[in-house]
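> The structure that follows is given in the form of structure tokens.
Bear in mind that the values in this text are calculations on the coordinates, not laboratory data. Since the structure is predicted, the reported quantities are computational estimates derived from the model, not experimental observations. In this analysis, Cβ positions are derived from the backbone assuming ideal geometry, glycine residues included, and neighbour counts consider all displayed protein chains.
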Amino acid sequence: MSDEKIKGLINKYFDNELDKSEEVFMFTQLSQLESAREYFKQMNVLSENLKNTFEEFPIGLEERILNKTFTEAGKNKKFQFNFQSLFGYAFSVVLLIISLFVYTQSIEYKKDIEMNVQQINQQSKMLEMMFHALPQTEIRAKFENEVIIRPTS
């Protein structure tokens, strides 16, 4: 087995993530490999030193950190809020002016279209009246050079 896999098992062991079956396998490998035993000893020393370095957490420290974070965030937020809100308001006003301009233009176009439709309707009625005012005409066809076909018997 490679050294990397054994080191991974040892790391899992010290993180309390190793299964019992894997733990048995790891200790078997430790009995056979010198380099794995050395790594296990180093990790054991590191783990013990880490346990000894923990100190008691001061009682008011968490509250002081939280208060300090809120006050600094509030100071920064006010400055950013003013700048961002000013930019946002200016952008909104520009968009409002543009939309009002486009709206008034569309109203003018709508009026023009309605007027053109009325003119077209009036012209259509005039043409219809003129068409009905004409006298009726009758068309008679005259055939010149008639071809007469007679059966021969």
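> I need to check one value: relative contact order of region 1-57, counting alpha carbon pairs closer than 8 Å and at least 6 residues apart, in percent.
Computed over region 1-57, the figure is 35 percent.
> Something else about it: Set the Förster distance to 41 Å, then compute FRET efficiency between S2 and Q84 from the Cβ-Cβ distance, nearest 0.05.
0.15
> Based on the mean of other beta carbon atoms within 10 Å per residue, what is the order of 136-146, 29-39, most packed first?
29-39, 136-146
> Under the definition of Cα pairs under 8 Å and six or more residues apart, what whole-number percent is the relative contact order of region 3-96?
Reported relative contact order: 21 percent.
> Here is a follow-up. How high is the FRET efficiency from L127 to F101, r the C-beta distance, R0 35 Å, rounded to 0.05?
About 0.35, to the nearest 0.05.
> Among S47, I59, Q122, whose Cα lies farthest out toward the positive end of the dipole of the chain, if unit charges sit on the beta carbon of Lys, Arg (+1) and Asp, Glu (-1)?
Q122
> Right, here's the next one. Taking the Cα centre as origin and putting +1 on Lys and Arg beta-carbons and -1 on Asp and Glu beta-carbons, what dipole magnitude results for the chain, to the nearest 20 debye?
It comes to approximately 800 debye.
> In nanometres, what is the gap between the two model label sites at F70 and Q136, each 7 Å from Cα along Cα-to-Cβ?
Going by the 7 Å Cα→Cβ label model, 9.8 nm.
> Still on this model: Packing-wise, with mean Cβ within 10 Å as the measure, how do 10-21, 59-70 rank, highest first?
Answer by packing, highest mean first, reads 10-21, 59-70.
> Testing the spin-label approximation: label points 7 Å from Cα along Cα→Cβ at V93 and Q42. State their distance in nm.
Taking the simple label geometry, V93 and Q42 are separated by 6.7 nm.
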